[in-house]
Amino acid sequence: RNNGYAISTPTNDQYAGDGIVSRAPGYGMAGIRVDGNDLFAVHAAVREARNYALETSSPVMIEAMTYRQGHHSTSDDSSRYRDGEEVRLATDVSDPIVRLDRFLERYGWMNETDVASVEDEERLAVLKAMEGAESRPDPSLSTMFEDVYWEKPPHLVRQEAGLRDHLRRHGVSFQ
């Protein structure tokens with residue numbers, strides 16, 4: 001995903017060129033650039049990349065061009081390096097959900113009432129899923145160090161031991 005910014009730096013200041021897909025051949029792979037705000041274009045690009053990868057046993061870089069409407073992180077204030085009008089214009093023109101809603105409405109497949117109903121239904125489903133996840137017991141501390149390597153390498157064994165020692169010294173109980 002290329003959202004136009006490398007954290008707070010516009011990508012045109014971060015590296016030469018207007019994107020990264022042109023670098024794919026340098027890594028021995030094919031590349032596709034796609035409008036990342038267009039659901040149908042992304043679907044088609046991923047389908048073609050998948051077909052190519054299966055036929056050639058080769059990777060494909062997909063650069064999905066989009067726009068980051070919000071801040072990069074909770075510690076970021078993007079209003080320091082981009083104008084609010086820029087964000088509003090990009091949101092009005094590019095927002096993938098708005099674009100899909102407009103498409104569905106244009107063909108009479110959904111209207112504003114239908115969209116509101118789906119949004120309400122999905123909001124409730126997310127809340128229910130969050131409640132279910134939060135009611136589950138915490139995972140074991142060891143899961144932080146598992147499922148990355150077939151055999152845990154020495155540096156992870158040391159990190160896990162160091163974390164457990166730290167927790168023990170500070171009286172923190174975590175499974």
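The values are calculated or read from the model by the stated rules, or taken from the named source; none is laboratory data. This structure is a prediction, so every number in the text was calculated from the model and none was measured. Using ideal geometry, Cβ is built from the backbone for each residue, glycine included, and neighbour counts are taken over all protein chains shown. In case anyone asks, the SASA skips ligands and DNA or RNA and just uses the protein heavy atoms, side chains included. Shrake-Rupley method; radii C 1.70, N 1.55, O 1.52, S 1.80 Å.
Relative contact order (percent) for the chain, with alpha-carbon contacts under 8 angstrom and 6 or more residues of separation?
The normalised contact order for the chain reaches 17 percent.
Give me the percent relative contact order of region 1-50, please, defined on Cα pairs under 8 angstrom at least 6 residues apart.
Relative contact order for region 1-50 comes out at 20 percent.
Just to verify a number: FRET efficiency for Ala129 and Thr9, C-beta to C-beta distance, R0 = 35 Å, to 0.05?
Once rounded, the FRET efficiency stands at 0.50.
Counting pairs of alpha carbon atoms under 8 Å apart in space and at least six apart in sequence, what relative contact order in percent does region 83-175 give?
Averaging sequence separation for qualifying contacts and normalising by length gives 16 percent for region 83-175.
Taking the convex hull of the Cα atoms, report for the chain its projected area averaged over all directions, in nm².
Projected over every direction and averaged, the Cα hull of the chain covers 16.4 nm².
Would you mind finding the longest exposed-site-free stretch of the chain, with exposed GluC sites (Glu not before Pro) meaning DSSP loop and at most 12 other Cβ atoms within 10 Å?
1-145
Taking the dipole about the Cα centre of the chain, with the C-beta of Lys and Arg at +1 and of Asp and Glu at -1, give me whichever of Val157, Gly171, Thr74 is farthest to the positive side.
Selected residue: Val157.
Given a 1.4 angstrom probe, I'd like the percentage of the accessible area of region 3-76 that is carbon and sulfur, rounded to a whole number.
About 55 percent, which is the carbon plus sulfur part of the accessible surface.
Where does each of Thr74, Thr143, Thr91, Thr113 land when they are ordered by accessible area, with a 1.4 Å probe and the largest first?
I get Thr74, Thr113, Thr143, Thr91, largest accessible area first.
Report, in debye and to the nearest 20, how large the dipole of region 12-116 comes out about its Cα centre when Lys and Arg carry +1 and Asp and Glu carry -1 on their Cβ.
Its charge dipole is roughly 380 debye.
With a probe of 1.4 Å, find how much accessible area the chain has per residue, and write the answer as a whole number in Å².
Spelled out: the 1.4 Å probe surface of the chain, per residue, equals 75 Å².
Out of all DSSP beta bridges with both ends in the chain, state the antiparallel percent to the nearest 5.
Percentage antiparallel, nearest 5: 20.
Where is the GNM fluctuation largest for the chain (alpha-carbon springs, 10 angstrom cutoff): Ser94, Ser73, Ser142?
Per the Cα network of the chain with a 10 Å cutoff, Ser142 tops the list.
With charges only on Cβ, +1 for K and R and -1 for D and E, what is the dipole size of region 83-175 about its Cα centre, in debye, rounded to 20?
760 debye
Give me D for region 72-136 in µm² s⁻¹, whole number, from Stokes-Einstein with Rh from the Kirkwood sum over alpha-carbon pairs, 25 °C and 0.890 mPa s.
The calculation lands on 165 µm²/s.
Could you give log10 I(q)/I(0) at q = 0.14 Å⁻¹ for region 108-175, computed by the Debye formula over C-alpha point scatterers of equal weight, without solvent?
-0.66
Using protein chains only and a probe of 1.4 angstrom, how many square angstrom of Arg88 are accessible, to the nearest 10?
110 Å²
If amide hydrogens are placed 1.01 Å from N in the peptide plane, which non-local residues have theirs closer than 5 Å to the one on Met61?
Ala30, Gly31, Ile32
Mean residue ellipticity at 222 nm from the helices of the chain, using -39,500 (n - 2.57) per DSSP H segment of n ≥ 4 over the full residue count, to the nearest 500 deg cm²/dmol?
Calculated mean residue ellipticity at 222 nm is -15500 deg cm²/dmol.
About the Cα centre, and with charges only on the beta carbon of Lys, Arg (+1) and Asp, Glu (-1), how big is the dipole of the chain? Nearest 20 debye, please.
780 debye
May I ask you to evaluate 6.51 cos²θ - 1.76 cosθ + 1.60, the Karplus curve with θ = phi - 60°, for each residue of region 45-61 and list the ³J(HN,Hα) values in order in whole Hz, giving x for glycine and proline?
Karplus-based 3J(HN,Hα) across region 45-61 equals 5, 5, 4, 5, 5, 4, 4, 4, 4, 5, 6, 10, 6, 10, x, 9, 8 Hz.
Report Rg (one decimal) and Dmax (nearest whole number) for region 59-107, counting Cα atoms only, units Å.
Over region 59-107's Cα set, Rg and Dmax evaluate to 14.1, 41 Å.
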